[in-house]
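The values are calculated or read from the model by the stated rules, or taken from the named source; none is laboratory data. Every value quoted in this text rests on a predicted model; they were computed, and no experiment measured them. Ideal geometry is used to build each Cβ from the backbone, glycine not excepted, and the neighbour counts take in all protein chains shown.
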Amino acid sequence: MKKILSTLAIAATMTAGAAAADSGYPDRAITLVVPYGPGGASDLAGRALAESAKPFLGQPVTVINKPGAGGMNGARSVVESDADGYTVLLARVGMALTPAVNPQATVDWDAYTFLSALEATPMILAVKGDAPYNTVEELLTAIKDSNGAMSYAASGATAIDGFSTQALLSDAGLDPLTAATLVPYKGGGALATALLGGHVDFLAVSAGSLLPHVESGDMKALMVYAPARMSKLPDVPTAAELDYEQAGQVTGWSALYAPKDLPADVLAKWQDVLGQVATDETWLTLADRRGSISTVGTVDMSAYAQEQYELFNGLAKKFGYLPAE
Amino acid sequence: MLTEILSAFQAVATWQNLLIMTAGIWGGVIVGAIPGMTGTMAVTLALPFTFYMAPVPSILLLVALYKGSTYGGSVSAILIKTPGTASAACTALDGYPLAQQGKAGKALNMALYSSVTGDFISNLSLIFLAAPLAILALRVGPPEYFMLMLFALSTVAGVSGNSLLLGVVSASLGLLLATAGEDLYGSFRFAFTDDMQAGLSVAPVLIGLFALPELIKLIVFRAANRDVAAKLGDQQVTRAEFMGSLKSILRGSGIGVIMGAIPGIGPSAAAFFSYGEAQRSSKNGENFGKGELEGIAASESANNGACGATMIPLLALGVPGDVITGVMLGAFMIQGLTPGPLLFQTNIHEVYMLFIGMLMSSVLLFGAGKMTMRMFSYVSHIPQTLLTPVVLLLCLFGIYSISSSMFDVTILLIMGVVGFLMFLMNIPAAPFLIAFILGPMIEENLRRALAISRGDPMVLLSSPITWIFAVLIVFVVGLTIRREISKSKTRKA
Amino acid sequence: MNFNINRGPLLRGVAIVVFFAFVALVLIPAYVPRPAFIPGFAPPPDMWPRTVSITGIVLGLVVIVGALTGRVAPQDPIDTDGGSSKTHLMRFAAVVLCFAGFIVLVPYIGFLLSTALLTGAAIYLAGERRHWILALAISLLGPVLLISFFSSVLGTQFPMGALTKPFGF
């Protein structure tokens with residue numbers, strides 16, 4: 001009897017990785033915290049993931065919006081919850097950026113278990129459709145001539161869409177803080193409206209909220225912040241192609257994080273599930289329609305998060321948001 | 001064009017679509033009526049279902065939920081002084097006193113009639129005036145927003161009760177509280193704890209301030225249990241009463257349409273604006289806040305009037321005006337449709353289907369309202385000593401479920417105590433709330449305007465729209481102060 | 001001498017002034033940072049709270065002046081059961097205690113039990129004695145029904161208590 005039991009035990013340990021589902025996880029609904037408000041790009045990504053992962057997990061995934069404090073509010077609630085795999089976080093670039101630029105941030109960039117990258121969300125540098133600039137070069141010349149009077153919209157000075165513009169200005173040899181005036185708006189819709197209404201001169205924000213207006217001709221896309229050209233905008237060059245070194249590294253992304261010290265069986269289950277999501281029809285279609293590129297399983301997330309943290313930390317020191325060491 | 005409309009009608013009027021819309025309206029009314037559960041919640045919950053539906057039915061489902069919940073918010077506002085959504089806050093001011101007088105049915109009926117009228121007018125404006133309204137909406141920049149919101153804040157004078165002065169004090173408290181949390185440049189204000197970095201959400205503040213003081217009052221003072229038997233025939237809105245409020249309903253719908261069409265304003269501000277206007281111009285102005293049907297009419301026509309109109313910037317420009325239309329934009333994109341000028345060229349069939357569906361849902365809203373009213377009316381028969389604790393219970397669950405946060409629940413309870421203390425000091429709660437909701441819009445747009453003008457305050461008077469509102473503000477403030485002085489003279493005499 | 005001073009309104013005015021002065025002089029300097037990166041011409045984060053609290057101080061002063069000169073808005077009478085102010089104060093203290101107790105208890109005994117206790121306490125404090133079976137049913141079954149409703153429809157996970165976790169709630 002004893003022998004049978006120990007044989008079973010050995011067998012169980014041997015197959016633990018592959019047969020993660022046998023451990024019983026998950027036996028109830030999983031909560032996916034989206035650290036931004038409903039309706040935004042991150043919310044859509046979260047809900048798409050919840051829908052796509054549900055059949056592979058065998059349990060529903062409940063999406064909860066916990067906005068506030070640059071995403072730190074939601075992130076903190078996940079980090080502080082039990083590391084049992086029933087609370088996970090839809091991480092965005094803000095999870096690496098906020099601690100890199102704001103000393104008051106409550107969660108460090110590496111306070112998580114990195115489950116996987118999810119998607120890359122390109123950003124677009126755009127001006128109004130009837131603006132006289134057709135290239136980044138022309139826009140930059142106008143900014144230089146205006147002596148700081150030209151304005152751009154962003155979610156905040158130290159938000160990702162603020163850095164997109166500031167990195168470009170810095171690359172062009174201008175002072176990122178004073179060469180153009182920042183006008184803060186909240187949310188992709190409000191940012192797009194500000195440019196459409198002519199209340200600001202340009203912006204460089206998430207592609208999802210701008211693409212429809214670029215397609216209708218109300219806006220002109222001058223440059224994309226992405227590793228490669230966007231399939232929907234094949235004629236628009238990337239920042240890297242135009243040799244803007246810092247701007248070329250700025251882009252948006254989503255990832256899946258969990259609290260630190262996640263049990264091995266939970267980790268194995270998620271690797272398994274995400275592997276299936278990576279090729280899942282629903283997930284890929286939904287990502288395409290949002291204007292983002294699925295990156296599930298293609299990026300070493302912890303290395304990438306660190307790289308991003310160091311990039312923004314360096315930029316923040318260079319731009320004067322943080323005291324240089 | 002006519003054949004297109006006919007074919008669109010045929011495509012919409014299937015029993016599946018009607019079923020989806022009816023379910024949406026009913027679901028919305030019920031969710032809106034539960035304290036703490038909001039329309040935003042209903043719409044975001046339904047979003048994943050639309051992944052598997054055809055484009056038009058999925059948008060119609062979301063619109064139906066939005067409309068239903070906006071009306072549903074008035075049900076709990078009237079019956080238990082717990083506005084399900086912020087846009088029903090003014091409805092509670094007159095609806096709850098009416099319910100206490102045993103006229104809950106009358107108040108609910110008035111809320112329904114004005115909601116449906118506002119909704120219908122709003123849909124018509126969406127269909128016929130979308131393009132010009134959208135162009136107007138785009139011209140509204142930070143200086144115009146600032147002036148408009150400052151004018152809406154003048155509603156405070158109308159909801160201050162006995163003392164304008166204390167009303168303004170209350171509004172200042174609200175403005176101050178609204179500044180807590182992350183500001184628009186990203187710095188944290190009044191972040192005493194980590195939770196405070198995110199600031200205070202509207203729902204716990206709203207419900208804590210309105211609903212909980214009723215419970216504390218009952219516990220502390222134990223006023224004789226009111227057992228007003230509903231008088232027969234007093235549950236219907238008479239023709240004369242409806243006609244008497246018609247002006248406010250029509251004006252409220254108009255205000256709702258215009259405010260709804262401007263991105264970023266939404267139904268709450270529209271309802272406050274309309275309530276303030278009705279109170280100023282009505283011959284029953286003095287009775288507002290004490291159970292005036294016209295107050296309900298003004299507030300409800302405007303918030304439902306704004307509902308359909310928030311679709312104007314969404315459909316005509318492709319920009320969402322508030323959180324709910326933001327979710328709808330997501331739904332459109334998931335469906336592979338892109339709202340905006342191109343939609344009217346490439347998908348005119350779907351656009352017509354949407355319009356027809358929205359008109360149909362006005363009718364469905366009327367039916368659902370009438371049918372649920374019976375069910376809800378029983379609430380007013382429950383003894384207060386049991387009802388208010390149940391309201392507390394519902395609020396605890398509702399508020400927790402919004403973002404799974406015990407911090408929100410703590411805020412709810414603290415605001416309940418604060419609301420009770422304000423009641424003791426004779427400081428009215430409604431101005432606090434209005435200021436709390438409008439405050440961030442006022443401040444953010446002021447700071448944006450000054451950033452764009454590089455610090456020149458004249459930017460606030462840089463366009464005709466701002467002039468008009470500046471004149472209106474001066475006029476209304478002058479009028480209010482004059483009225484107050486004459487009131488205090490008669491008091492002293 | 002004419003004692004036309006109404007003590008209530010005067011105290012109220014003083015309370016308003018003290019509150020806003022505290023915010024303007026203590027809280028804003030300590031808790032509203034002025035980041036260096038906001039360009040000089042754009043209004044800093046403390047502009048608006050400062051404006052509002054100064055307005056509040058002025059309004060409070062007007063209330064004080066009003067109280068001293070006898071210009072006080074009439075207050076609607078409060079319906080009570082005729083108990084003394086001391087009874088009322090005790091009851092109010094009981095409410096605050098219950099609310100605070102609820103927040104303290106949730107981490108230990110979970111959301112379900114805490115809401116049941118708070119509801120029961122609220123019904124008892126409200127003076128309900130006649131329908132005690134109904135009261136008991138509401139405070140016990142109400143939370144159970146609501147938890148099952150919210151967790152099945154919304155998937156909300158309510159906090160479990162450290163002490164009650166082994167029992168699953």
### Query
Looking at segment B:81-115, which of its residues are touching a helix residue (DSSP H, G or I) at 6+ places or on another chain (Cβ under 7 Å) and not in a helix (DSSP H, G or I)?
B:Lys81, B:Thr82, B:Pro83, B:Gly84, B:Thr85
#### Entry: Conditions (1) facing another protein chain (nearest Cβ under 7 Å); (2) at pLDDT 85 or above: number failed by B:Phe151
(1)
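What number of residues in segment B:450-493 are in contact with a strand residue (DSSP E or B) (Cβ under 9 Å, 6 or more places away or on another chain) and aliphatic (A, V, I, L, M)?
So the first thing to find is which residues in segment B:450-493 are in contact with a strand residue (DSSP E or B) (Cβ under 9 Å, 6 or more places away or on another chain), and the list is B:451-452, B:454.
Remaining after also requiring aliphatic (A, V, I, L, M): B:451-452.
The qualifying residues number 2.
Please specify each residue of segment A:214-229 satisfying the condition of being in contact (Cβ under 8 Å) with a residue 40 or more places away in the chain and within 10 Å of chain B (Cβ to nearest Cβ).
Let us first name the residues in segment A:214-229 that are in contact (Cβ under 8 Å) with a residue 40 or more places away in the chain, namely A:214, A:217-227.
Residues satisfying the conditions are A:Gly217, A:Asp218.
So which residues in segment B:326-352 are under 14 Å from B:Ala64 (Cβ atoms) and either more than 7 Å from chain A (Cβ to nearest Cβ) or in a loop (DSSP other than H, G, I, E, B) (or both), if there are any at all? Lay out the reasoning, then the answer.
Our first condition is that a residue be under 14 Å from B:Ala64 (Cβ atoms); within segment B:326-352, this holds for B:327-328, B:331.
Within segment B:326-352, B:Met328, B:Ala331 meet the criteria.
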### Message
Being more than 24 Å from B:Leu136 (Cα to Cα) and surrounded by fewer than 23 Cβ atoms within 10 Å (Cβ to Cβ): is that true of B:Ser486 here?
### Response
yes
#### Entry: Of residues in segment B:40-63 being among the small types (Gly, Ala, Ser) and part of a helix (DSSP H, G or I), the one nearest to B:Phe332 (Cα to Cα)
B:Ser58
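Which residue out of C:Pro107, C:Pro77 is closer than 19 Å to B:Leu413 by Cα and out of contact with any strand residue (DSSP E or B) (no Cβ under 8 Å at 6 or more places or on another chain)? Please lay out each step first, then the result.
Numbers: C:Pro77 fails: closer than 19 Å to B:Leu413 by Cα.
Result of the check over C:Pro107, C:Pro77: C:Pro107.
Which residue is surrounded by the fewest Cβ atoms within 10 Å (Cβ to Cβ), if the candidates are limited to segment C:139-148 and must be within 8 Å of chain B (Cβ to nearest Cβ) and of a type in the set (A, V, I, L, M, F, W, C)?
Of the residues in segment C:139-148, the ones within 8 Å of chain B (Cβ to nearest Cβ) are C:139, C:142-143, C:146-147.
Filter once more, keeping what is of a type in the set (A, V, I, L, M, F, W, C): C:146-147.
On the way: C:Leu146: 22, C:Ile147: 19.
The residue in question is C:Ile147.
Assess whether A:Phe312 counts as being more than 23 Å from B:Gln335 (Cβ to Cβ), buried (at least 17 other Cβ atoms within 10 Å of the Cβ) and modelled with pLDDT under 90. Before you say what the answer is, go through the steps one by one.
Numbers: more than 23 Å from B:Gln335 (Cβ to Cβ): yes; buried (at least 17 other Cβ atoms within 10 Å of the Cβ): yes; modelled with pLDDT under 90: no.
Criteria not met by A:Phe312.
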### Query
Picking from B:Ala316, B:Ala306, which residue would you name as being buried (at least 21 other Cβ atoms within 10 Å of the Cβ) and within 14 Å of chain A (Cβ to nearest Cβ)?
B:Ala316
### Task
Could you tell me which numbered condition C:Gly83 fails, if it satisfies all but one of (1) touching a helix residue (DSSP H, G or I) at 6+ places or on another chain (Cβ under 7 Å); (2) surrounded by fewer than 20 Cβ atoms within 10 Å (Cβ to Cβ); (3) at the interface with chain B (Cβ under 8 Å from one of its Cβ atoms)?
(1)
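Could you tell me which residue of segment A:169-189 is surrounded by the most Cβ atoms within 10 Å (Cβ to Cβ), considering only residues that are part of a helix (DSSP H, G or I) and modelled with pLDDT of 85 or more? Explain how you work it out, then say what you get.
Quick first cut of segment A:169-189, residues part of a helix (DSSP H, G or I) only: A:169-171, A:188-189.
Narrowing further to those that are modelled with pLDDT of 85 or more: A:169-171.
Working: A:Leu169: 23, A:Ser170: 21, A:Asp171: 19.
Step by step, filter segment A:169-189, then rank; the result is A:Leu169.
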### Task
Please tell me if B:Gly186 is within 30 Å of A:Thr158 (Cα to Cα) and either away from chain A (no Cβ under 14 Å) or surrounded by fewer than 22 Cβ atoms within 10 Å (Cβ to Cβ) (or both).
no
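Yes/no per residue for (1) buried (at least 24 other Cβ atoms within 10 Å of the Cβ); (2) modelled with pLDDT of 85 or more; (3) within 20 Å of the chain's Cα centre (by Cα):
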site: B:Gln236; (1), (2), (3): no, no, no
site: B:Ser253; (1), (2), (3): yes, yes, yes
site: B:Gly256; (1), (2), (3): yes, yes, yes
site: B:Gly266; (1), (2), (3): yes, no, yes
site: B:Ala302; (1), (2), (3): yes, yes, yes
site: B:Thr310; (1), (2), (3): yes, yes, yes
### Query
Hey, does segment C:93-105 have a residue that's under 24 Å from B:Ser403 (Cα atoms), surrounded by fewer than 18 Cβ atoms within 10 Å (Cβ to Cβ) and within 14 Å of chain A (Cβ to nearest Cβ)?
no
### Message
Name the residue that is surrounded by the most Cβ atoms within 10 Å (Cβ to Cβ), counting only residues in segment B:321-378 that are within 25 Å of B:Ile265 (Cβ to Cβ), within 25 Å of the chain's Cα centre (by Cα) and without any contact (Cβ under 8 Å) to a residue 60 or more places away in the chain.
### Response
B:Thr325
### Query
For B:Phe407, all conditions in the list (1) at the interface with chain C (Cβ under 8 Å from one of its Cβ atoms); (2) surrounded by fewer than 24 Cβ atoms within 10 Å (Cβ to Cβ); (3) not small (Gly, Ala, Ser) hold save one; what is the number of the exception?
(1)
### Query
For segment A:267-275, does any single residue satisfy the condition of being more than 28 Å from A:Asp108 (Cα to Cα) and either touching a residue at least 12 places away in the same chain (Cβ under 8 Å) or within 14 Å of chain B (Cβ to nearest Cβ) (or both)?
no
### Task
Tell me which residues, restricted to segment C:43-75, are part of a loop (DSSP other than H, G, I, E, B), surrounded by fewer than 20 Cβ atoms within 10 Å (Cβ to Cβ) and facing chain B (nearest Cβ under 7 Å).
C:Pro43, C:Arg71, C:Pro74, C:Gln75
## Note on the structure
Scanning segment C:148-161 for residues that are farther than 15 Å from B:Val390 by Cβ and assigned to a helix (DSSP H, G or I) gives C:Ser148, C:Phe150, C:Ser151, C:Ser152, C:Val153
### Query
If you take the residues of segment A:143-168 that are part of a helix (DSSP H, G or I), surrounded by 21 or more Cβ atoms within 10 Å (Cβ to Cβ) and among the small types (Gly, Ala, Ser), which of them is nearest to the other protein chains (Cβ to nearest Cβ)?
A:Gly162
### Task
Identify, from the list C:Leu89, C:Leu136, the residue that is more than 9 Å from every other protein chain (Cβ to nearest Cβ) and on the phi < 0 side of the Ramachandran plot.
C:Leu136
### Query
Would you say B:Ser76 is small (Gly, Ala, Ser), under 16 Å from B:Phe366 (Cβ atoms) and crowded, with 24+ Cβ neighbours inside 10 Å?
no
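Out of segment C:98-127, which residues are among the β-branched types (Val, Ile, Thr) and in contact (Cβ under 8 Å) with a residue 40 or more places away in the chain?
Within segment C:98-127, C:Val106, C:Ile109 qualify.
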### Query
Of all the strands (runs of 3 or more DSSP E) wholly in segment A:195-271, which have at least 2 residues that are under 21 Å from A:Tyr133 (Cβ atoms) and touching a strand residue (DSSP E or B) at 6+ places or on another chain (Cβ under 6 Å)?
A:202-206, A:219-225
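Closer than 21 Å to B:Lys217 by Cα, within 10 Å of another protein chain (Cβ to nearest Cβ) and crowded, with 17+ Cβ neighbours inside 10 Å: is that true of C:Ala126 in this structure? Spell out how you get there, then give the answer.
Details: closer than 21 Å to B:Lys217 by Cα: yes; within 10 Å of another protein chain (Cβ to nearest Cβ): yes; crowded, with 17+ Cβ neighbours inside 10 Å: yes.
Yes: the conditions hold for C:Ala126.
Filter segment B:92-114 for residues that are among the small types (Gly, Ala, Ser) and at pLDDT 90 or above; which is farthest from B:Phe376 (Cα to Cα)? Give the steps one after another, and end with the answer.
Here is the first cut: in segment B:92-114, the residues among the small types (Gly, Ala, Ser) are B:92, B:95, B:99, B:102, B:104-105, B:107, B:111, B:114.
Right, trim to at pLDDT 90 or above and you get B:92, B:95, B:107, B:111, B:114.
Working: B:Ala92: 15, B:Gly95: 14, B:Ala107: 12, B:Ala111: 13, B:Ser114: 18 Å.
Here the residue is B:Ser114.
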